[in-house]
Structure formats: structure tokens, C-alpha cells
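Taking it in order: structure first as C-alpha cells, then the write-up.
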Amino acid sequence: MKHFKKTKTESKKHQKVLNELIMVLGGEKVLSAIEDRICYSYDGTKQKALPDIVVRPGCTSDVSNTLKIANKYEIPIYARGAGTGLTGGAVPLMGGIVLDLKSMNRIIEICPEDFVATVEPGVVTKHFQDEIAKFDLFYPPDPSSAAFSTIGGNVAECAGGITGLKYGVTRDYILALEIVLSDGSVINTGRKTLRSVTGYDLTRLFIGSEGTLGVFTRITVKLIPKPKKIETLAAYFSDRDDAIDAADLIIDNNILPRTLEFMDQMTISAVRGYGEAPIGEDVKALLLIDIDGTEESISHELPVVENACKEKKAFKTKVAETPRERESIWAVRRSISPALYNIAPHKINEDICVPRSKIKEILQKVDQINEHQTIYIANFGHIGDGNIHVNIMYNDDPGQAALAESIVNKIMREVVAVGGTISGEHGIGNKKSQFMELEISPKELAIMKRFKGFFDPKGIMNPGKMFI
Ligand SMILES: Cc1cc2nc3c(=O)[nH]c(=O)nc-3n(C[C@H](O)[C@H](O)[C@H](O)COP(=O)(O)OP(=O)(O)OC[C@H]3O[C@@H](n4cnc5c(N)ncnc54)[C@H](O)[C@@H]3O)c2cc1C
């Protein structure tokens, strides 16, 4: 674990910061015991770096006061939701203060008549979805981590998820933000209206900013009516390209499924035993499809989707007949992340996104890059959006980690070459900052860094992330 040895002057400075934080916020919101700091040293990447202090604010003024103190002493500060990020965003790489926003978890208001709701950043996404469902409303952004990740973390990463093709991603549902800037001042962007075009769109600038520009303390989101019904279909293929063709044909038929998820053979081999009905050895690619809408729309769309799969050589299709069958099909999808460790103990999880027409080409390139097959690569994900999770799995043998990194490097170059992006939903953090220049030109990078310099002149907000 990274742990910065401090000089005498630095230690004195940290003691002053700690004392001041305790004085302003009260002792119960400020933690500095080693066991507390360890709990905030990691995220979903398995990287570890120890913070010096953890602050657990209860309200916007606690966040503001913490940032004023961090700014005064020029101490790094890292906003943190649930720590499920997959690119190192919440890891306190340079020591300093972790700001744990999970206690700010109130749903402030739900306005069914206006189709908007306002929440604090620490609200867990699934909990919020369940609460608004009581009003027959729907908040679609649905990362697979929804049961534990926070809306604040989702906004900071512009999280995607399985419903993106039909409903869009987090960005498409954020109307307004209350943000605490690096000097502790508070700004409000956007309006609680479904449209607003007044001035520059500061809200969008902050969405996906990964805690490098400011801390969200209130988030106003757009809601939509909850679809009346969902049907689930699994389609089994003996050829990867057939599954990709079937996904294309479904969309060519003017149908946008609620979810259109893909798994390749390596992924299937990892999850084969999960779910109630084990997946046969003959299945080399799988599509999991949800269709939502009304009884009438589904009765039209489901046969079209099933026929498209059959036309593209699905050798079996299965429509879930009961909620339990549906749950069993989706349990397989949800098990992928942990199940991949059945293949090898280490994983680099990339979330490339390419134009849908380039999916076959990029997967062929990935095969070619790994032609000697000493590393295992499992591909799955949101095929309708072209957002494929390419998981490079490797073991502890000498040279394997370096080989995996070099494979990632080559894949990133190919992705950008076909017009794709190095991250469809997980963000950059420190894990992908080395690849930013592949996709973003020097001129655009310079503009981004000027924004960063404007909002965070002392460089205290999540240092070491996004830019090298
Ligand atoms: C099993 C699993 C499945 C996943 N599936 C998906 C998926 O389908 N789609 C997807 O997009 N992601 C997915 N993720 C990644 C992760 O869950 C998302 O990036 C999520 O949005 C992170 O939320 P969090 O609350 O855990 O944030 P954290 O990991 O705590 O923080 C993430 C970033 O947000 C910043 N941040 C957090 N809160 C705030 C705030 N209030 N203000 C400003 N900055 C803040 C942090 O500084 C950090 O840079 C998955 C992760 C796991 C472990």
C-alpha cells in the first residue's frame, strides 16, 4: 500500500488540519485512526493508498468547510461515494483527505407532477430507483453496481449500464447540481426544469469530471414514466459473429430493446455454472435481451426480436416465463464480474466503446493482438451501444502482468483507430490517464487543463487523476 512518509513540517501541517477539521466539524465526523484510514484506501481497482484523514460530512456546509481547510493548507482532497469505481477515481494516491459522502444520503424531494427529484450524493442508486418506482416513475441509469454505488459517484463518472441503448446514460438525466468548489464556495448549475438553455451548460462540464473539479452535494434528476411491463429473452449462438449480426438486425428492425447484452465464449466459460439452468458447452455467444413497454408494444416487438435472433442462426431462444426464470437469466449476467476470476486471478477490465458497425472488427483485432493465447481475454457488455468490456485475465507467472499491460496498450490504439473511445462508462482515473493523448488532441487537452486550473488553481481536487 502506498504510504507517504512525511517530513516534520508536513506532519505538523497535517496535525493542524486535523485539529481545525475537528474544531469546525466535530470529532465524530473526522477520522484519523489507522483502521479507519485503511477502509478508505482502495476502490474497485484493488489499488491501495492510505489517506491521512477521513471526513464524513453531513451537509453542504460540512463539505464547504472541509474544502476551505484543504484549500488553506493545500492538502489533496478526494470525494468518495461507495468506492466501486473501476479506474482508481476514489483512491487517495497522494495522501490527504478522503471526503466520504455516503452519510449525505437523503432523497430531498420527489416531484411526480414535474418528473424531477433532488437527492444528496450518497443515495444508493438502486434505493432511489425503488423509491421512485412507488410513484410509477423510472430513473433509467443502471450500472451493474447500482445496488451499492451512489448517485454522486454515478454523476462523477457519468455511469452507463445496461439500459443505455434505449434510455441513455447518467448524463441524460441530470438537470441541476449543487457543487462545492475547491475554495469552499458553493455554486448551483442548471434548473429543476426539463429544459434550460440559459448560458453555458456548466452541469454537463461537471458530469464525468471524476472529483477533479468540485464536489456534488445536491443532484436534481429527470424521471420518466415506469414501463408497464418487461419481457426477457436469451438467445444462444454457436458463432460470435452471428450474435453480433442478430443484435444489428434487432435494431435494424427499428426496435430499441431496454437491454441488449452480449457475452463471448470466454465469458460464458466463466459463468457456465451460475443461474438455475447451466449453459451448454455448445454455446459460443449469448445475447440477453429485455423488451419493455405496454402489453401491446411487447406483443409486437418480442416476436420480431426472437425472429431476428433465429434468422441470424441462434440455435436456441428462451423467453422467461416467470419472474424467477427472468431473475435466473439476469443472475448469470450479474455474476460475470466475480466469475471471471475463475479464469485467472488478475483482471484488467477495459470498457472500450466503438461505433456499432465496428464491433466485429475490433473483436477480431483483439483476437489478433492476443494470438498466442497466453493471456485470456473475455469480452462482454452493452453491444447495442458498442460498449464492450474487454477483460484481460492473467496469472502470477513472470512476465504475465507486463504482457497484459502491453495487450491493453495495443487494444487502445486499435479502438481509437476505428473511431472508438478508450472509456465508454468507467472513466479515466489514474488507470487510463496514460491513454488520454491517444484520443484527445493536444489542443483539446490544453482546454481541459485550463478548466481544471480555473476551478482548482491549487491542484488539490483528486490529484493524479484524468491527466498524467
Ligand atoms: C461489480 C461492478 C459493476 C460495475 N458496473 C458498472 C456499469 O455497468 N456501468 C458503469 O458505468 N460503471 C460500473 N461500475 C463502476 C462503478 O460502479 C461506477 O463508476 C460508479 O459510478 C461509481 O460510483 P461510486 O459511488 O462507487 O463512486 P466512487 O468509486 O466512490 O468514486 C468514483 C469517482 O467519483 C468521484 N466522486 C464520488 N462522489 C462524488 C461527489 N459527490 N462529487 C464529486 N465527485 C465524486 C470520486 O472522486 C471518484 O473519482 C461497476 C463497478 C463494479 C464494482
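The values are calculated or read from the model by the stated rules, or taken from the named source; none is laboratory data. What you are looking at is a predicted structure, and each value in this text was computed from that prediction instead of being measured. Every residue, glycine as well, gets a Cβ built from its backbone with ideal geometry; the counts of neighbours run over all protein chains shown. The protein model used for the area step is the full one, side chains on, heavy atoms only, and it has no ligands, DNA or RNA in it. Shrake-Rupley method; radii C 1.70, N 1.55, O 1.52, S 1.80 Å.
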- [ ] Tell me the label-point distance for the pair residue 192, residue 226, using the 7 Å Cα-to-Cβ offset, in nm and rounded to one decimal.
- [x] 2.2
- [ ] Give the Debye-formula value of log10 I(q)/I(0) at each listed q (0.10, 0.15 Å⁻¹), with one equal scatterer per alpha carbon of the stretch 8-103, two decimals each.
- [x] -0.23, -0.52
Open item on the list: Please list 3J(HN,Hα) in residue order for the stretch 153-169, calculated via the Karplus relation 6.51 cos²θ - 1.76 cosθ + 1.60 where θ = phi - 60°; whole Hz, with x for glycine and proline.
Closed with: x, 4, 5, 5, 9, 6, 4, x, x, 7, 9, x, 4, 7, 10, x, 10
Task: Label point distance in nm, residue 454-residue 109, each placed 7 Å from Cα along Cα→Cβ - done: 3.0
TODO: At 37 °C and 0.692 mPa s, grab the translational diffusion coefficient of the stretch 229-337 from Stokes-Einstein with a Kirkwood Rh over Cα pairs, rounded to a whole number in µm² per second.
DONE: 239
- [ ] Apply 1/(1 + (r/R0)^6) to the Cβ-Cβ distance of residue 371 and residue 468, taking R0 = 41 Å, and write down the FRET efficiency to the nearest 0.05.
- [x] 0.85
- [ ] With N denoting the number of residues in the stretch 393-468, provide Rg(C-alpha) divided by 2.2 N^0.38 Å, to two decimal places.
- [x] 1.31
Open item on the list: For a protection proxy built on the mean count of beta-carbon atoms within 10 angstrom, sort 300-306, 203-209, 459-465, 11-17 highest first, please.
Closed with: 459-465, 203-209, 300-306, 11-17
- [ ] Would you mind checking the stretch 368-383 for residues with the amide N under 18 Å from a putative spin-label position 7 Å along Cα→C-beta of residue 397?
- [x] 369-378
Task: Estimated inter-spin distance, residue 433 and residue 39, nm [label 7 Å along Cα→Cβ] - done: 2.8
Task: the stretch 272-428: relative contact order as a whole-number percent, Cα under 8 Å and 6+ apart - done: 23
Task: Segment residue 28-residue 200, length gained on full extension (0.36 nm per residue, minus Cα span) - done: 57.9 nm
Task: J(HN,Hα) series, the stretch 266-279, from Karplus relation 6.51 cos²θ - 1.76 cosθ + 1.60, nearest Hz, glycine and proline x - done: 5, 5, 4, 4, 6, 9, 3, x, 7, x, 7, 10, x, 7
Open item on the list: Quick check for you: with a 1.4 Å probe and neighbouring chains kept, what is the accessible area per residue of the chain, in Å²?
Closed with: 44
Open item on the list: Suppose only helical runs count, i.e. DSSP H with n ≥ 4. What mean residue ellipticity at 222 nm does that imply for the chain under -39500 (n - 2.57) per run, divided by all residues and rounded to the nearest 500 deg cm²/dmol?
Closed with: -10500 deg cm²/dmol
TODO: Give me the number: length gained by fully extending residue 183 to residue 445, i.e. 0.36 nm times residue separation minus the C-alpha to C-alpha distance, one decimal in nm.
DONE: 91.9 nm
Task: Cα pair distances in the stretch 30-178, grouped into 10 Å bins until the bin that holds the longest one, percent each - done: 11, 39, 33, 15, 3
Task: Net length gained if the chain between residue 361 and residue 48 were fully extended (0.36 nm per residue, minus Cα distance) - done: 109.1 nm
Task: Protein accessible area in the stretch 8-103, 1.4 Å probe - carbon and sulfur % - done: 54
- [ ] May I ask you to derive the FRET efficiency for residue 6 and residue 342 from their Cβ-Cβ distance with R0 = 51 Å, giving the value to the nearest 0.05?
- [x] 0.75
Task: 5 angstrom amide H check on residue 351, placed H, neighbours 5+ away - done: 390, 424
Open item on the list: Show me the ranking of peptides 183-196, 406-419 by mean Cβ neighbours inside 10 Å, starting with the highest.
Closed with: 406-419, 183-196
- [ ] Can you pull a Stokes-Einstein diffusion coefficient for the stretch 343-439 at 10 °C (1.306 mPa s), Rh from Kirkwood over Cα pairs, as a whole number of µm²/s?
- [x] 118
Open item on the list: Using C-alpha positions alone, give me the convex hull volume of the chain per residue in cubic angstrom.
Closed with: 154
Open item on the list: Over the Cα atoms, compute the radius of gyration (one decimal) and Dmax (the largest Cα-Cα distance, rounded to a whole number) for the stretch 107-225, in Å.
Closed with: 13.3, 41
